[in-house]
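Working notes, beginning with the structure itself.
Coordinate-derived values only; no laboratory data. Everything numeric in this text was worked out from a predicted model, so none of it was measured. All Cβ positions, even for glycine, are placed from backbone atoms using ideal geometry, and neighbour counts span all protein chains on display.
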Amino acid sequence: MNIKDSAKTIVCYGDSNTWGRIPKGERYPRSIRWPGVLQNLLGNDYEVLSEGLNGRTFVAEDPEAPQKTGITHLRSILKTNLPIDLVIVMLGTNDVKNIYNLKAEDIAKHLEQTINIIQLEATKNILVVCPPDIVIPEDGNIDPRYINSSETMKKLPELLKKVAEKYKCNFINAGDHISSSKIDGFHLDPEMHKKLAEILSKKIVKII
C-alpha cells in the first residue's frame, strides 16, 4: 500500500494475466506481475492497485462460476478504490472461450457497457488494453476451451480501439508489443509482464 496522500490511484482491472497466473502454474511473485512492475516503474507518486481475477470476462456469464462475470462486481470494485485517477482495462481473453459463443462484435459491446459504468461511477480516464492473441503452445496442444478462438481474438484490436475512441479512452494493443506464452498459449511469461509494464508506464505519465 502506498501511503503517500498525493499519490494518483490506478486500478488495473483484468483477468488472470493481471492476477499473475504462471502458464500451467500457480502465481508469479508481486515483483514479476505487470501491476507490480508498473508500481516500481512509476514510483511513489502513483498507487497501482491490482484487481485481476482468473477467468474474468466483461459481461459473459459462466453459470458454474458467477464471480467471473466482471460487470456484476465492477461497481463495488470501483467504489472500494475511490477516488480513482485511471482505470486500466485488460479483458477479452476469456470472452473468446467456446463456452460463451461470442462474436468479436459482442465483446466490443461488452467493453462499451464496462466503459459506461467506469465513467459514470469513477473516472473518465480509462486505458483500454487489448490482450495479445492466443498462440499454439510449443507442445501443439491447444487448450480445448480456445479451439477456433484465435479467429475471434484477431478481430478484437480494431473493434476495441473503435470503442475506446468513441468514449475518448486511451488504447493500447498489447499484441503490438508482447505475445502470449508458448507454454500454454494465453498467459504471459515474466519478460512479457515486464515489457507490458514498461509500455503502460510510458503511456500513463502522458495521461495523468
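Principal-axis analysis of the Cα atoms of the chain puts helix 150-166 at an angle of about 30° to the longest axis. Counting only residues at least eight positions apart within a chain, or on another chain, the aspartates and glutamates with an alpha carbon under 20 Å from that of Lys109 are Asp15, Glu61, Asp62, Asp95, Glu121, Asp133, Glu151, Glu158, Glu165.
Cross-link pairs exceeding 28 Å between alpha carbons, from the set Lys24/Lys166; Lys97/Lys124; Lys4/Lys202: Lys24/Lys166; Lys97/Lys124.
Scan the chain and hand back the longest stretch that contains none of the GluC sites (Glu not before Pro) lying in DSSP loops with at most 16 other Cβ atoms within 10 Å.
65-137
Restricting to DSSP H runs of at least four residues, report the calculated mean residue ellipticity at 222 nm for the chain, -39500 (n - 2.57) per run over all residues, nearest 500 deg cm²/dmol.
Helices in the chain give a 222 nm mean residue ellipticity of -12000 deg cm²/dmol.
Among the trypsin sites (Lys or Arg not before Pro) in region 1-63, those placed in a DSSP loop whose Cβ has at most 14 other Cβ atoms within 10 Å are Lys4, Lys24, Arg30. Between region 171-192 and region 34-54, the alpha-carbon centres lie 18 Å apart.
For the chain, what does the relative contact order come out to in percent, with C-alpha contacts under 8 Å and a separation of six or more? Can you show the working numbers first?
On the way: 392 pairs, mean separation 50.6, N = 208.
Reported relative contact order: 24 percent.
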